[in-house]
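Peer 1: Pasting a structure here, questions to come.
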Amino acid sequence: MAEALAEGQKHDVKVMGLIGLAHSLSHFYQLVPPTLFPFLHAEFDVSYTKLAALMTLFYVASGLAQTPAGFLVDRFGARKVLFAGLGLLAVSTGLMATVTWFWLFAPLAVLAGIGNSVFHPADYSILTASINPSRIGRAYGAHTLAGNLGWAVPPLAMLSLALLVGWRPAFVVASAAGLLTLALLLANANLLRG
């Protein structure tokens, strides 16, 4: 009995860790472009108002797509939607490294926002289905904490990267972090019920 309980706890901790990591990346990606605004301002000679418009596009797309993302979770399953959203967010961020005309950031910001929209409906669906009900409060708390920690990383990490190697490689590294996390989630997909 104690062995089964310990095994269940280990399972739940793994699920919380995987979903927490994915959620932290959702928040991480929200601050990647703003952290690099000084470099984009210099490169493209655009105002900070235009740069802020990119984030408006991101958040509007994310907000408008969140309810449809919930329907997609119900229709196709939380894992598939989470994987697709994380992949879209990571790839669109990586493509920002290739932009040569400022307004090409706009469709990428919209795509990134759509990718970002899936996390809450997919994450909560997976946590609810995968975690023992006696630990669900801790799972939701860990999910929230992971998101907040995701906001803490970009200012230091992205700024340091951009100063060391440039803003374009910084976008590529940010993208790689998401793709590596996606690979980790895929490798552990059997733990994530929807």
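The values are calculated or read from the model by the stated rules, or taken from the named source; none is laboratory data. This one's a predicted model, so the numbers in the text were calculated from it and none came from an experiment. Here the Cβ is made from the backbone with ideal geometry for all residues, glycine too, and neighbour counts use every protein chain on show. For the accessible areas, the whole protein counts, side chains as well, though only heavy atoms, and no ligand, DNA or RNA atoms are used. Shrake-Rupley method; radii C 1.70, N 1.55, O 1.52, S 1.80 Å.
Yes/no per residue for (1) touching a His at 6+ places or on another chain (Cβ under 9 Å); (2) within 26 Å of residue 133 (Cα to Cα):
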{"position": "35", "(1), (2)": "no, no"}
{"position": "48", "(1), (2)": "yes, no"}
{"position": "54", "(1), (2)": "no, no"}
{"position": "58", "(1), (2)": "no, no"}
{"position": "72", "(1), (2)": "no, yes"}
{"position": "77", "(1), (2)": "no, yes"}
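Peer 1: Restricting the search to segment 158-176, which residues are open to solvent by less than 40 Å² (accessible area, probe 1.4 Å) and either touching a Lys or Arg at 6+ places or on another chain (Cβ under 7 Å) or part of a helix (DSSP H, G or I) (or both)? Spell out the reasoning first.
Peer 2: Initially, segment 158-176 is screened for residues open to solvent by less than 40 Å² (accessible area, probe 1.4 Å), giving 158, 162, 166-167, 170-171, 174-175.
Within segment 158-176, 158, 162, 167, 170, 171, 174, 175 qualify.
Peer 1: Turning to a different aspect of this structure: Given 67, 128, which one is open to solvent by 40 Å² or more (accessible area, probe 1.4 Å), closer than 30 Å to residue 8 by Cβ, of a type in the set (Val, Ile, Thr) and more than 16 Å from the chain's Cα centre (by Cα)? Can you show your working first?
Peer 2: Details: 67 fails: closer than 30 Å to residue 8 by Cβ.
Only one candidate passes the filter, namely 128.
Peer 1: What do you reckon, is residue 26 out of contact with any Ser or Thr (no Cβ under 8 Å at 6 or more places or on another chain) and without any contact (Cβ under 8 Å) to a residue 24 or more places away in the chain?
Peer 2: No; evaluated as a whole, the condition is false for this residue.
Peer 1: Something else about it: Report yes if some residue within segment 77-94 is farther than 22 Å from residue 182 by Cα, open to solvent by less than 70 Å² (accessible area, probe 1.4 Å) and of a type outside the set (Lys, Arg); otherwise report no.
Peer 2: No.
Peer 1: If the requirement is being in a helix (DSSP H, G or I), at pLDDT below 95 and not acidic (Asp, Glu), which of these qualifies: 41, 11, 23, 27?
Peer 2: One residue alone meets the criteria, 11.
Peer 1: Quick test for you: out of 57, 51, pick the one residue that is among the hydrophobic types (A, V, I, L, M, F, W, C), free of Cβ contacts under 8 Å to residues at least 40 places away in the same chain and surrounded by fewer than 22 Cβ atoms within 10 Å (Cβ to Cβ).
Peer 2: 51
Peer 1: While we're looking at this one, here's another question. Check off (1) over 15 Å from residue 25 (Cβ atoms); (2) open to solvent by 70 Å² or more (accessible area, probe 1.4 Å) for residue 145 and give me the number that stays unchecked.
Peer 2: Only one criterion in (1) over 15 Å from residue 25 (Cβ atoms); (2) open to solvent by 70 Å² or more (accessible area, probe 1.4 Å) is unmet by residue 145, namely (1).
Peer 1: Can you work out which of the residues in segment 38-48 that are free of Cβ contacts under 8 Å to residues at least 12 places away in the same chain and farther than 25 Å from residue 114 by Cβ is most open to solvent (accessible area, probe 1.4 Å)?
Peer 2: 45
Peer 1: Moving on to the next point. Do any residues in segment 111-122 that are crowded, with 24+ Cβ neighbours inside 10 Å have Cβ atoms under 8 Å from those of residues that are not in a helix (DSSP H, G or I), where the two are at least six apart or on different chains, and which pairs are they?
Peer 2: 122/194
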